[in-house]
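The values are calculated or read from the model by the stated rules, or taken from the named source; none is laboratory data. Remember, it's a predicted structure, so these values are computed and weren't measured experimentally. All Cβ positions, glycine included, derive from the backbone under ideal geometry; neighbour counts span all protein chains shown.
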Amino acid sequence: MSHIFPRHTKSNLPTVDHGKGVYLFDTEGKCYLDGSGGAAVSCLGHGDQDVIEAIKQQLDAVPFAHTSFFTSKPAEALADKLIAHAPEGLDRVYFVSGGSEAVESAIKLARQYFLEIGQPQRRHIIARRQSYHGNTLGALATGGNLWRREPFAPLMIDTSHISPCYEYRDRKEDESAFDYGQRVANELEDEILRVGAENVMAFFAEPVVGATAGALPPVEGYFKRIREICDQYGILLVLDEVMCGMGRTGTLFACEQDGIAPDILTTAKGLGAGYQPIGAMICTDTIYKAIEDGTGFFQHGHTYIGHPTAAAGALAVLTKLTDGGLVKRAAETGTKLRAALDDAFGTHPYVGDIRGRGMFLGIEFVEDKESKKPFDPALATAKHLKKAAFEAGLICYPMSGTIDGKFGDHILLAPPFIYEDAH
Ligand code: PLP
């Protein structure tokens with residue numbers, strides 16, 4: 001009998017043995033094409049020797065040193081490289097071990113920022129119904145997925161949620177994409193006024209929604225309007241790029257394509273590419289300075305923040321993404337993959353929408369293409385597709401069910417950027 005506590009206690013999963021490039025192999029020798037990088041993690045594929053070598057060298061030098069005693073060369077170099085490529089204004093990087101930790105850190109940084117500048121009443125977070133920001137309590141309260149939130153609702157901080165930007169489902173026939181984007185962005189202003197601007201601390205959003213919506217990008221102008229509203233009411237804009245960042249959408253940071261920069265940005269998954277657990281919260285100098293000139297201490301931290309070995313691995317990953325041209329390749333290969341999906345499934349009667357950016361693509365399934373009627377959630381269509389694909393040797397990431405009474409079944413494709421045409 002196994003003593004591991006699996007997340008799905010009734011599933012009987014194969015045991016992974018090794019990975020090579022875009023493939024994973026189980027202990028029975030079965031080969032799987034990695035079509036989702038796990039959950040948009042393995043952007044370099046498996047067995048990248050440059051990353052492995054960088055990790056080995058750091059292990060030989062020193063695997064770990066606690067950040068209350070030391071900084072480290074890889075963490076310093078990684079922060080500098082991230083900032084060199086980050087959207088204008090972002091200036092300081094706080095390293096953590098994963099996505100939920102990055103979001104949790106962003107929540108606490110936003111709160112501490114307003115305490116430092118003498119606005120202690122600001123503690124309310126606004127986010128979007130169709131969103132996932134992680135599973136720790138603050139991040140879970142911020143996310144808009146009711147099913148995930150429900151059991152823990154009594155434990156949650158103050159948040160409220162506005163509509164997502166979901167053109168396929170919500171744009172009216174007589175409305176341009178731009179006008180639609182402005183309309184849903186303006187819901188943020190309505191919600192700020194409802195809660196009282198003086199009480200709101202931050203708006204959280206994923207630039208391209210991943211886990212809960214299958215690679216859903218915003219329409220043009222949406223985030224520019226969101227940025228305007230946040231500025232108007234002195235509210236921090238936090239963009240969660242845990243899943244869509246690190247080149248996944250064809251630019252290193254997804255928000256580059258929307259022409260805006262946040263006050264705080266979170267990233268994880270692709271940063272370590274699965275070779276090490278690492279995430280980051282990146283903020284503006286204004287926020288950093290408020291703490292530096294105030295208490296001089298961010299009242300938040302974990303034992304493994306700034307882990308030298310994780311940072312060394314991530315530095316090698318980031319070097320491949322930027323200097324090695326893999327972000328550019330993600331954009332090019334993503335365009336080809338999108339065209340192949342359109343060719344193969346564009347007219348399929350059960351495929352309602354194919355969408356996304358770069359190597360971050362989603363397929364939404366419907367029972368009726370014309371009316372966009374979703375499948376009955378009880379059928380768990382996407383989950384069955386995942387199972388069938390897995391049995392056939394393809395790994396893809398499903399989401400079945402409804403959020404907000406609207407959403408059906410999606411498959412998310414987030415393959416390694418090293419895909420060739422044949423894959
Ligand atoms: N934020 C987003 C947008 C995510 O997609 C996820 C995970 O899927 C998280 C946060 C949480 O990250 P982690 O699972 O590394 O804690």
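In table form, for the structure just shown:
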read-out	value
Tally of residues being within 14 Å of the ligand (Cβ to nearest atom) and either within 25 Å of ILE117 (Cβ to Cβ) or in the same structural domain as GLY362 (by TED's automatic domain parsing) (or both) across region 196-226	2
Inter-residue pairs, beta-carbon under 7 Å, first among the aliphatic types (A, V, I, L, M) and in region 371-394, second crowded, with 18+ Cβ neighbours inside 10 Å and assigned to a helix (DSSP H, G or I), 6+ apart	none
Residue within region 252-273 that is away from the ligand (no atom under 12 Å from the Cβ) and closer than 12 Å to SER42 by Cα present	yes
Residues being within 16 Å of the ligand (Cβ to nearest atom), in a helix (DSSP H, G or I) and of a type outside the set (D, E, K, R) - total across region 78-126	9
Sole residue being closer than 22 Å to LYS386 by Cα, polar (S, T, N, Q) and surrounded by 10 or more Cβ atoms within 10 Å (Cβ to Cβ), chosen from THR71, THR27	THR27
Within region 301-327, considering residues that are without any contact (Cβ under 8 Å) to a residue 12 or more places away in the chain and either of a type outside the set (Asp, Glu) or touching a Phe, Trp or Tyr at 6+ places or on another chain (Cβ under 7 Å) (or both), the one nearest to THR67 (Cα to Cα)	GLY324
Only one of ASP285, ASP240 that is away from the ligand (no atom under 16 Å from the Cβ) and acidic (Asp, Glu)	ASP285
Qualifying residue in region 127-141 (condition: away from the ligand (no atom under 15 Å from the Cβ) and not small (Gly, Ala, Ser))	no
Qualifying residue in region 359-367 (condition: out of contact with any strand residue (DSSP E or B) (no Cβ under 7 Å at 6 or more places or on another chain), modelled with pLDDT of 95 or more and closer than 20 Å to GLY245 by Cα)	yes
Strands (runs of 3 or more DSSP E) (entirely within region 202-298) containing at least 1 residues that are more than 18 Å from the chain's Cα centre (by Cα)	236-241, 279-284
Unique match (being within 14 Å of the ligand (Cβ to nearest atom) and crowded, with 18+ Cβ neighbours inside 10 Å) among GLY144, GLY181	GLY144
Close pairs (8 angstrom Cβ cut-off, 6 or more residues apart or separate chains): within 30 Å of LYS386 (Cβ to Cβ) in region 211-232, in a helix (DSSP H, G or I) and within 16 Å of the ligand (Cβ to nearest atom) anywhere	ALA211/ALA39; PRO218/ASP258; TYR222/ASP258
Residue ranges of helices (runs of 4 or more DSSP H) in region 302-404 with at least 3 members closer than 30 Å to GLN49 by Cβ	308-321, 326-345
Candidate set: region 10-24, residues that are part of a loop (DSSP other than H, G, I, E, B), more than 26 Å from the chain's Cα centre (by Cα) and modelled with pLDDT of 95 or more; chosen: the one surrounded by the most Cβ atoms within 10 Å (Cβ to Cβ)	PRO14
Long-range neighbours under 8 Å by Cβ, at least six apart or interchain, first residue more than 17 Å from THR67 (Cβ to Cβ) within region 271-300, second hydroxyl-bearing (Ser, Thr, Tyr) and more than 16 Å from the ligand (Cβ to nearest atom)	ILE287/TYR113; ALA290/TYR113
Any hit, region 186-200, residues being of a type in the set (A, V, I, L, M) and within 19 Å of GLY362 (Cα to Cα)	no
Test: residue in region 168-184 that is among the hydroxyl-bearing types (Ser, Thr, Tyr), out of contact with any Leu (no Cβ under 6 Å at 6 or more places or on another chain) and assigned to a strand (DSSP E or B)	no
Boolean, LEU321 is surrounded by 20 or more Cβ atoms within 10 Å (Cβ to Cβ) and either in contact with a Lys or Arg (Cβ under 8 Å, 6 or more places away or on another chain) or among the aromatic types (Phe, Trp, Tyr) (or both)	no
Meets criteria (at pLDDT below 95 and either away from the ligand (no atom under 16 Å from the Cβ) or on the phi > 0 side of the Ramachandran plot (or both)) for ASP170	yes
The one condition in (1) surrounded by fewer than 22 Cβ atoms within 10 Å (Cβ to Cβ); (2) within 23 Å of PRO217 (Cβ to Cβ) that LEU155 fails to fulfil	(2)
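Every residue, every condition in (1) more than 19 Å from LYS108 (Cβ to Cβ); (2) buried (at least 22 other Cβ atoms within 10 Å of the Cβ); (3) of a type outside the set (S, T, N, Q), yes or no:
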residue: GLY247; (1), (2), (3): yes, yes, yes
residue: GLY250; (1), (2), (3): yes, yes, yes
residue: ILE260; (1), (2), (3): yes, no, yes
residue: ILE278; (1), (2), (3): no, yes, yes
residue: LYS289; (1), (2), (3): no, no, yes
residue: GLY296; (1), (2), (3): no, no, yes
residue: HIS302; (1), (2), (3): no, no, yes
residue: THR309; (1), (2), (3): yes, yes, no
